[in-house]
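Values in this text are rule-based calculations from the coordinates and carry no lab data. In this text the structure is predicted, and so the values were computed from the model without any measurement. All Cβ positions, glycine included, derive from the backbone under ideal geometry; neighbour counts span all protein chains shown.
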Amino acid sequence: MHKVLLIASLIILFDVQAALAADPIGYVKTATGVTTVIRAGSTTPLKVGDAVFEDDTVKTGLESSLGVTMKDGTALSAGPETELLLDEYAYAPRKNDLGFTARLSQGTLEFVSGMLGKLAPESVSIETPTGVIGMRGTHFLVRVDPGQKFPDRPAAGRTGSKAGSPARTTYR
Amino acid sequence: MKYRVVVLALVLAAGACAPRSHNNYVVLLNNPGGGSGKVIVSNQKGRHVLNQCGGATSISAAGKAPSSTWQLGRSTLQQDFGRALAARPQRFARYTIYFDYDKANVDPSSEETYRKMLDEVARRKAVDATVAGHADRTGGEDHNQKLSEMRAKKIRDDLVRVGVPIDHIEVDFFGDTEPAVPTPENMPELRNRRVEVMIR
């Protein structure tokens, strides 16, 4: 009986560890002021050298800033009072699994594309409450005022000839 | 004199109270390597392409098409993005280091590149890296797998020595399965005996 319980708890433990052991998708390179991350519902400070993971929301406070380099070399830098969700990220060129979608709900962001911008630019997009930014190997800035809501997902900027361009692209 | 002070005060007041003409917007800048790419900004109502440095488009509402291109002035750029720009991480760097035949020693032709790479890593803060080892097609598959692993780990160990935390280095190795230059079997080829490094 005890053995069964032990095995059962070990299995749960390993499951939890497997979930925690998700690979980093980038690292914090610069940080000033108040910088935090919302991960699995809780907010913790974010400092230089820390890893970031898929589904993290990174935030900066008043007069604060944050710089992150993703695994493919994409550089993101945020000004004050910025909130950015690292929604989906994949950089596995050998498996042709490539893509990056982030949601900027408010603040200012500088984006300098890395290898994803070269290998699969159409799989990279930054979503804002009022429009979606797609790119072709690019360096740009975007500013979003606070207090705006994202439209419902299916409608998010997917119109015109680029309608439904996939967030993640698998080539073959 | 008095008049001048009044004018100055008026100008300042106007500046402070002026409603912002642009709230949400995107501006294209030059790529680090020169030239600009392009961005495509879209929502339910339309799409707009920016393809010139300094060109901007406003996306003031989800129900309003992105505006036609306008030029972002230097002072607005600094005012709105100064802190974000100052926080930009250093650009990533990529290196290919070549190795001696059947060894995990750096080939003399790569020593300078290798030194430069380690200097660059030492100069940076909070580095993370990816290291991918390869072998040429002399020797068996298993041997080459092992050899490519030893090469990758040699580089990893040197990165650790100049201050990169070991858990910030991703180590991959591919034996002879990913030649840079295709060769017949058992052909020694310097260009395939390599470790590809990405420093971030």
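Residues of the stretch A:113-139 falling in the label zone of B:CYS53, defined by backbone nitrogen less than 17 Å from a point 7 Å along Cα to beta-carbon, are A:113, A:137-139. Computed from the Cβ-Cβ distance with R0 of 25 Å, the FRET efficiency linking B:ALA122 to A:ASP55 stands at 0.15.
Counting each pair of different Cα atoms once, what's the Kirkwood radius of the stretch B:49-200 in Å, rounded to one decimal?
Working: mean 1/r = 0.0545 Å⁻¹.
Every distinct Cα pair counted, the radius reaches 18.4 Å.
Karplus-derived 3J(HN,Hα) values for the stretch A:31-39, using 6.51 cos²θ - 1.76 cosθ + 1.60 with θ = phi - 60°, are 7, 10, x, 9, 10, 9, 10, 9, 10 Hz; glycine and proline are entered as x. Highest-first packing order for the peptide set B:43-51, A:128-136 is A:128-136, B:43-51, based on the mean count of other beta carbon atoms within 10 Å. Relative to the compact-globule estimate of 2.2 N^0.38 Å, the Cα radius of gyration of the stretch A:27-138 comes out at 1.01.
For chain B, the longest principal axis of the Cα atoms and the long axis of helix B:141-161 meet at an angle of about 50 degrees. Here the simple spin-label model places points 7 Å from the Cα toward Cβ, and for B:GLN78 and A:VAL34 these points are separated by 2.8 nm. The alpha carbons of the stretch B:92-144 stretch over 40, 22, 13 Å along the principal axes, in descending order. Cross-link partners of B:LYS103 among lysines, defined as those whose alpha carbon lies under 19 angstrom from its own and excluding same-chain residues fewer than eight positions apart: B:LYS146, B:LYS153, B:LYS154.
Axis angle, to the nearest 10 degrees, between helix B:111-123 and the longest C-alpha principal axis of chain B: 40 degrees. Relative to the longest principal axis of chain B, what angle (0 to 90°, nearest 10) does the C-alpha long axis of helix B:74-86 take? Once rounded, the angle reads 40 degrees.
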